[in-house]
Amino acid sequence: MQAMADNIRLPDELGQALRERREALGLSKSELAQRAGKVREVVYRLESGEESTVSSLMAVLGAMGLALRLERVGLPTAQEVSRRFLDDDDDAA
């Protein structure tokens, strides 16, 4: 489980963090979408790490009481990228 204070560098990490926050709030995807003024598909796409709009992301974050903060960081490390792809391979096995 990823802590909310962790740096998020990949779309699927953002999706996981959003899903964990939504579940911690006890909200369904439909409930969150309604609070954000969006359709359920927006929440599904964000949680899946798929393409979405910045305005949709901001609306969903706001509906969960979150804000986006930008910090200077480099690209994901080789270990972070490797872990992501090795984890995906483990799921397929």
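The values are calculated or read from the model by the stated rules, or taken from the named source; none is laboratory data. Bear in mind that the values here come from a model prediction, so they are computed numbers and not experimental data. Here the Cβ is made from the backbone with ideal geometry for all residues, glycine too, and neighbour counts use every protein chain on show.
Rundown of residues vs (1) touching a Leu at 6+ places or on another chain (Cβ under 7 Å); (2) free of Cβ contacts under 8 Å to residues at least 40 places away in the same chain; (3) over 23 Å from Asn7 (Cβ atoms), yes/no style:
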| position | (1), (2), (3) |
| --- | --- |
| Leu32 | no, yes, yes |
| Arg35 | no, yes, yes |
| Thr53 | no, yes, no |
| Met64 | yes, no, no |
Of (1) part of a helix (DSSP H, G or I); (2) β-branched (Val, Ile, Thr); (3) modelled with pLDDT under 85, Val73 satisfies all except one. Which? (1)
Verdict on Arg35 being within 27 Å of Arg84 (Cβ to Cβ) and touching a helix residue (DSSP H, G or I) at 6+ places or on another chain (Cβ under 6 Å): no
Scan the range 65-84 residue by residue and report those that are farther than 30 Å from Arg35 by Cα and loosely packed, with under 10 Cβ neighbours inside 10 Å. Arg72, Val73, Gly74, Leu75, Ala78, Gln79
Ser55 being closer than 15 Å to Gly15 by Cβ, of a type in the set (S, T, N, Q) and modelled with pLDDT of 95 or more: no
From the list Ala63, Ala67, Ala59, Ala78, which residue is out of contact with any Phe, Trp or Tyr (no Cβ under 8 Å at 6 or more places or on another chain) and under 17 Å from Glu23 (Cβ atoms)? Ala63
Selection from the range 1-48 of residues that are under 12 Å from the mean Cα position of the chain (by Cα), in a loop (DSSP other than H, G, I, E, B) and at pLDDT 95 or above: Ser48
